[in-house]
1. Identify all residues within the range 114-133 that are touching a residue at least 40 places away in the same chain (Cβ under 8 Å) and within 17 Å of Ile55 (Cβ to Cβ); write none if there are none.
2. Would you please list the contacts, defined by Cβ atoms under 8 Å and residues six or more apart or on different chains, that run from a residue in the range 24-39 that is at negative phi to a residue that is among the polar types (S, T, N, Q)?
3. Restricting attention to the range 122-138, which residues are modelled with pLDDT under 95 and loosely packed, with under 12 Cβ neighbours inside 10 Å?
4. Of all residues in the range 1-50, count the ones that are within 19 Å of Arg65 (Cα to Cα), among the small types (Gly, Ala, Ser) and either in contact with a Pro (Cβ under 7 Å, 6 or more places away or on another chain) or assigned to a helix (DSSP H, G or I) (or both).
5. Would the range 98-107 turn up any residue that is in contact (Cβ under 8 Å) with a residue 24 or more places away in the chain and part of a strand (DSSP E or B)?
6. What do you reckon, is Ala43 more than 24 Å from Thr142 (Cα to Cα) and either out of contact with any Gly (no Cβ under 8 Å at 6 or more places or on another chain) or not assigned by TED's automatic domain parsing to the domain that holds Leu149 (or both)?
7. Can you tell me which residue within the range 74-95, out of those that are in a loop (DSSP other than H, G, I, E, B) and not hydroxyl-bearing (Ser, Thr, Tyr), is nearest to Glu19 (Cα to Cα)?
Amino acid sequence: MEFLCYHRDRPDSGALRDELLEAHWSYMDGFAAEMIARGPTLADDMDTATGSVHILDLPNAAAARAFAFDEPNYQAGVYRDVLLRRWRNTLGRTMWEFPGGRTGGNRYLVLGLGTGEAADLAAPDLDGLIAYGPLLADDGDTWLGTAALLRASDADAAGAVLTPGRYADIEVHNWQFGGRE
């Protein structure tokens, strides 16, 4: 079962986040085999972290909740909240298999928070897609939205990967490949 976990940082938690960097990476090292994508979201200065995205293939919802809430930054209070949803990997690859590589261009997390009938279930034909799939309820069938990691010219172009008017809200966050450098 694939899951998307987005931890949003609490305001002014950067110093604590920095202090826990090695603990965070060590924790994530334990999930390396399950990881589909990972990395921080960033403020417009491209230096200040605003959150942390992890997409993983885990055995069940209980394992996903344990992953999200046992994470050292969560335990220490770095994060203000957590979005944890079932997810479907429509591209069938990890971020490390993205032909565009780890660097170059602007990278974004796009979250479409759904309302009504499902939209954007199939991945669009874009060279910049790093990861893409529907956000689902615990039952694995009920559509709750869509999430994408992609390279795009700017935030507006990134947000345009989702169909306007089909979502209660579309969030676009600066994002970069995560993990040990």
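1. Asp120, Ile130, Ala131, Tyr132, Gly133
2. His24/Ser52; His24/Asn73; Met35/Thr94; Ile36/Asn89; Ile36/Thr94; Ala37/Thr94; Arg38/Ser52
3. Ala122, Asp125, Asp127
4. The qualifying residues number 4.
5. Yes: one or more hits.
6. Numbers: more than 24 Å from Thr142 (Cα to Cα): yes; either out of contact with any Gly (no Cβ under 8 Å at 6 or more places or on another chain) or not assigned by TED's automatic domain parsing to the domain that holds Leu149 (or both): yes.
In short, yes.
7. To start, the set of residues in the range 74-95 that are in a loop (DSSP other than H, G, I, E, B) comprises 77-78, 88-94.
Going one step further and asking which of them are not hydroxyl-bearing (Ser, Thr, Tyr), we end up with 77-78, 88-89, 91-93.
Values: Gly77: 12, Val78: 10, Arg88: 33, Asn89: 33, Leu91: 35, Gly92: 35, Arg93: 32 Å.
Selected residue: Val78.
The values are calculated or read from the model by the stated rules, or taken from the named source; none is laboratory data. Bear in mind that the values here come from a model prediction, so they are computed numbers and not experimental data. Here the Cβ is made from the backbone with ideal geometry for all residues, glycine too, and neighbour counts use every protein chain on show.
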